[in-house]
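Have a look at the structure below, then the notes.
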Amino acid sequence: MAEKKEIIPKKHPMPAQAPIERIRNFNEVALGYDEETAVAEAKRCLQCKKEPCRQGCPVEVDIPAFIKLVAERDFAGAIKKIKEKNALPAVCGRVCPQENQCEKYCTLGKKHEPVGIGRLERFCADWELARGVLPQEVAPPTGFKVAVVGSGPAGLTCAADLAKLGHRVTVFEALHVAGGVLMYGIPEFRLPKRVVQAEIENLKKLGVEIVTNAVVGKFATVDELMEEEGFDAVFIGTGAGLPYFMNIPGENSCGVYSANEFLTRTNLMKAYLFPEWDTPIKVGRKVAVIGGGNVAMDAARTALRLGAEESWIVYRRSEKELPARHEEVEHAKEEGIKFAFLTNPVRILADENGWVKGMECLRYELGEPDESGRRRPVPIPGSEFVMDVDTVVVAIGQAPNPLVPRTTRGLELGRKGNIVADPQTGATSKPGVFAGGDVVTGAATVILAMGAGRIAARSIHDYLMKKKG
């Protein structure tokens, strides 16, 4: 009779810096599994025949197969299996919301905690990065050239898949370094930039060319890339980099940042290392971050590390409706971030020199559900009060970058300036032009953008092969 498998009800804990230490530095908070912990966690997997976890992975990783290889200590085989589908495993293992995707469907999670799929993916990727990257197979050259506009998660995934299929791929990045939101938007303590750049170097080994300081729509339009530069197809993955504001009185005061600017100055331009690096950033004693998503958590936690005495999340719904990852909320709480729920600003107050000195807010209560399914926040008349803050960061979302959509002939756009693309193929209204990620959907997650890049790569390959006849 087969020996009954012992079920360990909880995931193995992720080692992490102590909160009292990490709020003083920008080093990575989560430290990763060692080999013994990874093997023990992998052995929790039930290896279900129906493999329900796979339906939750936007990039289609064979999750049970790579976990089985980890359990067998075949770490090289495990990372090879992951990279059959995922070009950025070290990134995904850190920032992918597994709890709402693969781990959400884990059979073990119905009665116990799900297998730590993301933690195991990170372990495999870090294991490889520490030992040298294993070679990947690339198909013979097809003779086709593809331009990828934007080097964020959608663009990098699309580029990697197309390169492995034998196409000559050039990625155009507007900034001075590749990586998109992975470089400018996500803090060092959550996603070290050396990890992002290591993943990008791996793509270059596949033959992907990356051109930085190349603003498509300025130095060349999409039409010119196709008509004059000889690209046979174009993928647009320029993301959502246009911040939304609240449009309330005082929002133009000194000391008010968009989360985009606040995080870009800190992450990409290394403001946290000023004056060693040239970019300064002013953070007051008391910081209020408006919003409840991952970007808001990143900004609030960054403010503490930059020296703020108090850092607040101000969110108009209750804690239950917070859209940020549970892990990020818990880390924020451990670090001393304060939360003002059911609260929304109506006016920013400034001193005689134009600098923020406070924020007038209204208290809210929850009403009936809105179109998102969450209960609508309703202001309570007469509940105004003033928060004593001297820095405000607005983190209420971003719209798609408008430059490429507006400079491309024949491209159908949505009401909010997003590119209209077929969700099943990534095809746009312009033949040979495909799009995916936040420029199509609006701001979403890294892994969903990667999934869109993968879908588009498959469709671009089919499109080119049909041209070849």
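The values are calculated or read from the model by the stated rules, or taken from the named source; none is laboratory data. Predicted, not measured: the structure shown is a model, and the values here were computed from it. Note that each Cβ is placed from the backbone with ideal geometry, even for glycine, and that neighbours are counted across all protein chains shown. The area values use the complete protein model at the heavy-atom level, side chains included, leaving out ligands, DNA and RNA. Shrake-Rupley method; radii C 1.70, N 1.55, O 1.52, S 1.80 Å.
Applying the criteria of a DSSP loop state and at most 13 other Cβ atoms within 10 Å to the GluC sites (Glu not before Pro) of segment 327-370 yields E352. For segment 315-445, the mean projected area of the C-alpha convex hull, equal to one quarter of the hull surface, is 11.9 nm². Per the 1.4 Å probe, what fraction of the accessible area of segment 354-469, in percent, lies on carbon and sulfur atoms? Exposed carbon and sulfur together represent 53 percent of the surface. The label point for K49 and the one for K468, both projected 7 Å from the Cα toward the Cβ, are 4.0 nm apart. Each Cα pair under 8 Å and six or more residues apart adds its separation to the average, and for segment 4-127 the resulting relative contact order is 30 percent. Hey, got a sec? Which GluC sites (Glu not before Pro) in segment 240-280 land in a DSSP loop and have at most 10 other Cβ atoms within 10 Å? Passing both the DSSP loop test and the Cβ count: E276. Give the Debye-formula value of log10 I(q)/I(0) at each listed q (0.22, 0.25, 0.34 Å⁻¹), with one equal scatterer per alpha carbon of segment 80-120, two decimals each. Scattering profile of segment 80-120, log10 relative to I(0): -0.72, -0.86, -1.13. Note that segment 285-291 has calculated 3J(HN,Hα) couplings of 6, 10, 10, 10, 10, 8, x Hz, one per residue in order, obtained from phi through the Karplus relation 6.51 cos²θ - 1.76 cosθ + 1.60 (θ = phi - 60°); glycine and proline are x. By the compact-protein rule of thumb, 2.2 N^0.38 Å, the alpha-carbon radius of gyration of segment 132-233 corresponds to a ratio of 1.09. Relative contact order of segment 56-131: 35 percent, from C-alpha pairs under 8 Å at least 6 residues apart in sequence.
Coupling constants for segment 347-352 follow from the phi torsions by the Karplus curve (6.51 cos²θ - 1.76 cosθ + 1.60, θ = phi - 60°), and in residue order they are 6, 9, 9, 10, 7, 5 Hz; glycine and proline get x. From Cα pairs below 8 angstrom and at least 6 apart in sequence, can you work out the relative contact order of the chain, rounded to a whole percent? That works out to 15 percent. Of all beta bridges that DSSP places with both ends in segment 306-362, some 65 percent have antiparallel geometry.
Solvent-accessible surface of the chain, taken per residue with a 1.4 Å probe and all protein chains present: 45 Å². The value obtained for segment 1-124, namely the Cα convex hull volume divided by the number of residues, is 120 Å³ per residue. Classified by the C-alpha gyration tensor, segment 177-250 has an oblate form. Its axis ratio a/c, with a ≥ b ≥ c, is 1.5 or above, and a/b does not exceed b/c. Protein heavy-atom surface of segment 103-213, 1.4 angstrom probe: 54% of the accessible area is carbon and sulfur, with nucleic acids and ligands not counted.
Restriction of the chymotrypsin sites (Phe, Trp or Tyr not before Pro) in segment 182-267 to DSSP coil positions whose beta-carbon has at most 13 other beta-carbons within 10 angstrom yields F219, F245. Note that segment 215-223 has calculated 3J(HN,Hα) couplings of 8, 5, x, 10, 6, 6, 8, 4, 4 Hz, one per residue in order, obtained from phi through the Karplus relation 6.51 cos²θ - 1.76 cosθ + 1.60 (θ = phi - 60°); glycine and proline are x. Taken along its principal axes, the alpha carbon cloud of the chain reaches lengths of 68, 68, 50 Å, longest axis first.
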